[in-house]
1. Which residue pairs have Cβ atoms under 6 Å apart, sit 6 or more places apart or on different chains, and have a first residue in segment 39-61 that is under 25 Å from LEU193 (Cα atoms) and a second that is at pLDDT below 90 and part of a strand (DSSP E or B)?
2. Output yes when any residue across segment 9-21 is of a type in the set (Asp, Glu) and in contact (Cβ under 8 Å) with a residue 60 or more places away in the chain, and no when none is.
3. Which residues, counting only those in segment 123-175, are hydroxyl-bearing (Ser, Thr, Tyr) and touching a helix residue (DSSP H, G or I) at 6+ places or on another chain (Cβ under 7 Å)?
4. Can you pull out the residues in segment 142-195 that are part of a strand (DSSP E or B), touching a Ser or Thr at 6+ places or on another chain (Cβ under 6 Å) and hydrophobic (A, V, I, L, M, F, W, C)?
5. Run down GLU59, GLU7, GLU66 and say which single residue is charged (D, E, K, R) and either surrounded by 15 or more Cβ atoms within 10 Å (Cβ to Cβ) or part of a strand (DSSP E or B) (or both).
6. Which members of segment 154-201 meet the condition of being closer than 30 Å to LYS77 by Cβ, surrounded by fewer than 11 Cβ atoms within 10 Å (Cβ to Cβ) and small (Gly, Ala, Ser)?
7. Being among the aromatic types (Phe, Trp, Tyr) and closer than 30 Å to GLU182 by Cα narrows it down to one of PHE140, PHE103, so name that one.
8. Looking at segment 135-181, which of the residues that are in contact with a strand residue (DSSP E or B) (Cβ under 6 Å, 6 or more places away or on another chain) and among the basic types (Lys, Arg) is farthest from LYS10 (Cα to Cα)?
Amino acid sequence: MTQKFLEDGKVVPVTVVEAGPCTVVQVKGEKDGYTAVQVGFASKRKVNKPIAGHLKGFENFRYLKEFRVENSDTFEKGKVFDVTSFQVGDILKITATSKGKGFQGVVKRHGFHGSPATHGHKDQHRMPGSIGATDAARVFKGTRMGGRMGGDTTTVSGLELIEVDTEKNLLYIKGAVPGAREALVQIQTNGDLVFVEKKAEVKEEKPAKEEKKVEEKKEAPAKKEAPVKEAPKTEEKPKEEPKVEAKKEEVKK
């Protein structure tokens, strides 16, 4: 919740609710045996195949709700409506699932006052007390006891609409609204729905130009040869041919 300052300077506590845009997904009539309208709201990244087939041509809606109507002639598949159907000063009736409280005792759940703090009431301050007479030998249905609290469908009526933000699709409602944050709520008021024209995103296709792609082969720059270090040359001495000494034969006479 937050607060808003009115023109006369008064501060009003308000709850901000995002309402729409909502899209008509399906219109049911005589063929289905009853008249109703199915509405999609918010988007999600992925849906299962049956829902994807049902939403063919639409985005993946996070919520799908069906509402009974007396006459479905004014509704058409694909029509969109948003907060422009509301006006400042409208009296709203809001239905949502209340916050879950878990298992609670009789004091919080049913408003029991509890037992006196003294006169022998040790550890009995928040207990329910007697749950029936001995003669019946059973507990009557509907006896108020501790149990799970919250998580019920709750309706609050008589809430005043303080401001309408058409750019962000926000409603500023005076007072508290049932449900936790980011919960789905159903808003009702007197009047007719105002359908808006949804701007379709048309992608402009550029005419394809036939251009010959010329592949230019760039010659790779010649690699510089690394200087080769020459080992110091050693002069080889010419091999001396072995001298053949003539054997002198001494002849003894």
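1. GLU59/SER43; ASN60/SER43
2. As a first pass, look at segment 9-21 and keep what is of a type in the set (Asp, Glu): 18.
So of that shortlist, the ones also in contact (Cβ under 8 Å) with a residue 60 or more places away in the chain come out as 18.
Scanning segment 9-21 turns up at least one residue that is of a type in the set (Asp, Glu) and in contact (Cβ under 8 Å) with a residue 60 or more places away in the chain.
3. First, pick out the residues of segment 123-175 that are hydroxyl-bearing (Ser, Thr, Tyr): 130, 134, 143, 153-155, 157, 166, 172.
Within segment 123-175, just THR166 meets the criteria.
4. ILE173
5. GLU66
6. Scanning segment 154-201 gives GLY191, ALA200.
7. Just one listed residue meets the conditions, PHE103.
8. ARG148
The values are calculated or read from the model by the stated rules, or taken from the named source; none is laboratory data. Small disclaimer: the values here were computed from a predicted structure and weren't measured. Quick reminder, even Gly has a Cβ in these numbers, built from the backbone with ideal geometry, and neighbours come from all protein chains shown.
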